[in-house]
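The values are calculated or read from the model by the stated rules, or taken from the named source; none is laboratory data. Since the structure is predicted, the reported quantities are computational estimates derived from the model, not experimental observations. Heads up, the Cβs are rebuilt from the backbone with ideal geometry, glycines too, and the neighbour counts pull from every protein chain shown.
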Amino acid sequence: MKNSNSNMSPLNLTMVYTGNGKGKTTAAVGQGIRAWGHGYRVYMIHFMKGRDYGEFLAAQNLPGFTVEKAGRDSFVKREDPDPVDVEMAQKGWERVCQVAREQEYDLLILDELNVALSFGLLQVEAVIDFLVNKNTNLGVIITGREAPEKILQIADLVSEIQEIKHHYQKGIMSHQGIEY
């Protein structure tokens, strides 16, 4: 049950987590859990990710916190994306629009959307139109490197996560529970 202290959802914000540092998805998930803890319904979609990330597995135990995938567990070629990657991103975007229309969720987390836009899998103009015309009771979080300037301009909150040091630099590869 939503907090009834306000007529408008406090989630009526567009938030962006971008930059080259680690933690953009983690920040978005944390924000989503905070909202979920107050009774808000959260929908998260991973663009360009197909693996069962920890947040995907955890959300299965949180009623009202849904996580879906719109990508494969493989890297996408920026200059020459595979048609299946384009198709999966576009179907994922159609799902986002459907979820927004149905108004069953209060917060949408669009994980790695910035990267999907940067790689040309989706059109920035469609996302801008969606954000400008979305239901006023819907919050949106967008993550990923290389956030388009147009999205940064209309966002209510932008956090840039900067890499200062990463264990990859020591040759330590990704770990379950840390990177995924």
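Restricting to region 1-23, and then to whatever is of a type in the set (A, V, I, L, M, F, W, C) and in a loop (DSSP other than H, G, I, E, B), can you tell me which residue is modelled with the highest pLDDT? I'd like the intermediate steps shown before the answer.
Initially, region 1-23 is screened for residues of a type in the set (A, V, I, L, M, F, W, C), giving 1, 8, 11, 13, 15-16.
Remaining after also requiring in a loop (DSSP other than H, G, I, E, B): 1, 8, 11, 13.
Numbers: 1: 43, 8: 48, 11: 74, 13: 95.
Filtering first and then ranking leaves 13.
Please identify the pairs in which a residue from region 146-163 that is within 11 Å of residue 15 (Cα to Cα) has its Cβ atom under 6 Å from the Cβ atom of a residue that is of a type in the set (A, V, I, L, M) and in a loop (DSSP other than H, G, I, E, B), counting only partners at least 6 apart or on another chain.
156/13
Quick one: which residue in 76, 42 is modelled with pLDDT of 95 or more, touching a helix residue (DSSP H, G or I) at 6+ places or on another chain (Cβ under 9 Å) and of a type outside the set (S, T, N, Q)? So that I can check it myself, show each step before the final result.
Working: 76 fails: modelled with pLDDT of 95 or more.
Residue meeting the stated conditions: 42.
State yes or no: is residue 94 closer than 14 Å to residue 46 by Cα and over 12 Å from the mean Cα position of the chain (by Cα)? Explain how you work it out, then say what you get.
Details: closer than 14 Å to residue 46 by Cα: yes; over 12 Å from the mean Cα position of the chain (by Cα): yes.
Yes.
Does region 108-123 include one or more residues that are more than 19 Å from residue 145 (Cα to Cα) and not small (Gly, Ala, Ser)? Before you say what the answer is, go through the steps one by one.
Let us first name the residues in region 108-123 that are more than 19 Å from residue 145 (Cα to Cα), namely none.
The answer is no; no qualifying residue exists.
Pull up region 151-170, narrow it to residues that are more than 17 Å from the chain's Cα centre (by Cα) and charged (D, E, K, R), then point me to the one that is surrounded by the most Cβ atoms within 10 Å (Cβ to Cβ). First the steps, then the outcome.
The initial filter retains those residues of region 151-170 that are more than 17 Å from the chain's Cα centre (by Cα), namely 153, 162-170.
Going one step further and asking which of them are charged (D, E, K, R), we end up with 163, 165, 170.
Details: 163: 12, 165: 8, 170: 7.
It comes out as 163.
Condition first: free of Cβ contacts under 8 Å to residues at least 60 places away in the same chain and part of a loop (DSSP other than H, G, I, E, B). Now tell me which residues in region 164-180 satisfy that.
In the first step, residues of region 164-180 are kept if they are free of Cβ contacts under 8 Å to residues at least 60 places away in the same chain; the result is 165, 167-175, 178.
If the condition is that a residue be free of Cβ contacts under 8 Å to residues at least 60 places away in the same chain and part of a loop (DSSP other than H, G, I, E, B), then 165, 171, 172, 173, 174, 175, 178 are the ones that fit.
Name every residue in region 120-131 that is surrounded by fewer than 23 Cβ atoms within 10 Å (Cβ to Cβ) and touching an Asp or Glu at 6+ places or on another chain (Cβ under 8 Å), in order of residue number.
The answer is none; no residue qualifies.
Please determine, by comparing only the residues of region 126-145 that are assigned to a strand (DSSP E or B) and either without any contact (Cβ under 8 Å) to a residue 24 or more places away in the chain or hydrophobic (A, V, I, L, M, F, W, C) (or both), which one is farthest from residue 33 (Cα to Cα).
To start, the set of residues in region 126-145 that are assigned to a strand (DSSP E or B) comprises 139-143.
Those still in the list that are either without any contact (Cβ under 8 Å) to a residue 24 or more places away in the chain or hydrophobic (A, V, I, L, M, F, W, C) (or both) too: 140-142.
Values: 140: 14, 141: 13, 142: 15 Å.
Here the answer is 142.
Name the residue that is nearest to residue 163 (Cα to Cα), counting only residues in region 24-72 that are assigned to a loop (DSSP other than H, G, I, E, B) and of a type in the set (A, V, I, L, M). It would help to see each step written out before you state the result.
Initially, region 24-72 is screened for residues assigned to a loop (DSSP other than H, G, I, E, B), giving 38-41, 48-53, 60-64, 71-72.
Imposing the further condition that a residue be of a type in the set (A, V, I, L, M) reduces the set to 48, 62.
Working: 48: 21, 62: 31 Å.
For region 24-72, the residue satisfying everything is 48.
Might you check whether a residue that is touching a Phe, Trp or Tyr at 6+ places or on another chain (Cβ under 8 Å), surrounded by 17 or more Cβ atoms within 10 Å (Cβ to Cβ) and farther than 28 Å from residue 64 by Cβ occurs anywhere in region 171-178?
The initial filter retains those residues of region 171-178 that are touching a Phe, Trp or Tyr at 6+ places or on another chain (Cβ under 8 Å), namely 174.
If we keep only those that are surrounded by 17 or more Cβ atoms within 10 Å (Cβ to Cβ) too, we end up with none.
For region 171-178, residues touching a Phe, Trp or Tyr at 6+ places or on another chain (Cβ under 8 Å), surrounded by 17 or more Cβ atoms within 10 Å (Cβ to Cβ) and farther than 28 Å from residue 64 by Cβ: absent.
Tell me, please, whether a residue that is among the β-branched types (Val, Ile, Thr) and either outside any loop (DSSP other than H, G, I, E, B) or closer than 17 Å to residue 45 by Cα (or both) can be found in region 116-125.
Within region 116-125, the subset among the β-branched types (Val, Ile, Thr) is 124.
Applying the additional criterion that residues be either outside any loop (DSSP other than H, G, I, E, B) or closer than 17 Å to residue 45 by Cα (or both) yields 124.
Within region 116-125 (the criterion being among the β-branched types (Val, Ile, Thr) and either outside any loop (DSSP other than H, G, I, E, B) or closer than 17 Å to residue 45 by Cα (or both)), the answer is yes, since at least one residue qualifies.
Return yes or no: is residue 66 of a type in the set (S, T, N, Q), over 23 Å from residue 155 (Cα atoms) and at pLDDT 85 or above?
Working: of a type in the set (S, T, N, Q): yes; over 23 Å from residue 155 (Cα atoms): yes; at pLDDT 85 or above: yes.
Answer is yes for this residue.
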